[in-house]
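The values are calculated or read from the model by the stated rules, or taken from the named source; none is laboratory data. Keep in mind that this is a model prediction, so the values were computed, not measured. Cβ sites come from the backbone with ideal geometry, for glycine too, and all protein chains shown count toward neighbours. These accessible areas exclude ligands, DNA and RNA; they are computed on the full protein's heavy atoms, side chains included. Shrake-Rupley method; radii C 1.70, N 1.55, O 1.52, S 1.80 Å.
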Amino acid sequence: DMERPGVLRRAFRLLGLSQTSADVYPLLDWNLTVRAGGFLWLIGAAAASATLPFTAPTHLVGNTGWAVIGVISVLGILVGAYLVVRPNAVSPTGLLLMGYAAAAGLGVAQALIGPRARFELPFLLVAAYQASVHPPRRVVPLFVFIVVADAASTLVGGAAAADVVHLASGVVFLCLMTAMAFVHARSNRSLARQLMSLHDDAEHRAATDALTGLANRRAFDEALARQVGTSQRHNRPLSLVMLDVDDFKSI
């Protein structure tokens, strides 16, 4: 019992459950991240459209299911195109909400197709992608929502014992793969943080005089260029004062 808190702390640290938004989002190439999510939406919508002829969505509402699936597919294509074209317009919260929308759409599609639908892989892609983007504490509620959507859409309208067993094994697999995504994302973030620290240190060394610790000529040239650019953009005067210190070596 005394060792249990230590084990839990190690598990939390391994999964990165203590990380916050400030620990995660600054380390991401946001445009690339959002565009990757957009391509997932486009590929998922295209794959769903291609498999529809073989899995008629008529389990719950008959032929009306075709219209529902059609609307979901079109919305998926529009969302994917938007993410690809305008990644800067998408906030982290917006991207997370799209994960909920994707899980809900998959749940509706699975319910319409019936027990023969096997959407564990699409659900897994949603969970793994979101786990690689957001802090774990924001993804855990989404993961619970995905499990509920998967279970509810499988069991609605009746399901055989084999379907229940398949669902249970799928949920276990989903848990394991999402945990692996958490660990992998945490490792990548740690590496990115180290690289950023090394880059900042190299930039500081390159712009600092080793003897005095003052900014060197390179830093002066860069600062002057920035100030001149600011002055020109805002049409403001700029003054430069230069001082010469006698016997500087003695100082």
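Of everything in region 29-47, what is open to solvent by less than 40 Å² (accessible area, probe 1.4 Å) and either among the aliphatic types (A, V, I, L, M) or modelled with pLDDT under 65 (or both)? Give them in sequence order. Selection gives 34, 45.
Entry remark, region 90-122: residues being of a type outside the set (A, V, I, L, M), part of a helix (DSSP H, G or I) and more than 15 Å from the chain's Cα centre (by Cα) number 5 in total. Against the conditions (1) surrounded by 20 or more Cβ atoms within 10 Å (Cβ to Cβ); (2) under 26 Å from residue 189 (Cβ atoms), residue 144 satisfies every one except (1). Of note, residue 116 does not satisfy the criterion of being buried (at least 17 other Cβ atoms within 10 Å of the Cβ), farther than 21 Å from residue 77 by Cα and either at pLDDT below 90 or not aliphatic (A, V, I, L, M) (or both). Inside region 221-241, residues that are open to solvent by less than 90 Å² (accessible area, probe 1.4 Å) and either hydroxyl-bearing (Ser, Thr, Tyr) or in a loop (DSSP other than H, G, I, E, B) (or both) make up a count of 3. Only one of the numbered conditions (1) more than 30 Å from residue 71 (Cα to Cα); (2) at pLDDT below 85; (3) in a helix (DSSP H, G or I) is violated by residue 26, and that is (2). Residue 218 falls short on exactly one of the conditions (1) open to solvent by 80 Å² or more (accessible area, probe 1.4 Å); (2) within 30 Å of residue 20 (Cβ to Cβ), and that condition is (2).
Within 30 Å of residue 107 (Cβ to Cβ), open to solvent by 50 Å² or more (accessible area, probe 1.4 Å) and β-branched (Val, Ile, Thr): is that true of residue 165 in this structure? The answer is yes for residue 165. Any idea which of 128, 111, 151 is over 21 Å from residue 78 (Cβ atoms) and either without any contact (Cβ under 8 Å) to a residue 40 or more places away in the chain or in contact with an Asp or Glu (Cβ under 9 Å, 6 or more places away or on another chain) (or both)? Testing whether each residue is over 21 Å from residue 78 (Cβ atoms) and either without any contact (Cβ under 8 Å) to a residue 40 or more places away in the chain or in contact with an Asp or Glu (Cβ under 9 Å, 6 or more places away or on another chain) (or both) leaves just 151. Condition check for residue 195 on (1) exposed (fewer than 10 other Cβ atoms within 10 Å of the Cβ); (2) aliphatic (A, V, I, L, M); (3) under 19 Å from residue 28 (Cα atoms): one failure, at (1). Scanning region 132-145 for residues that are outside any helix (DSSP H, G or I) and over 18 Å from residue 101 (Cα atoms) turns up at least one hit.
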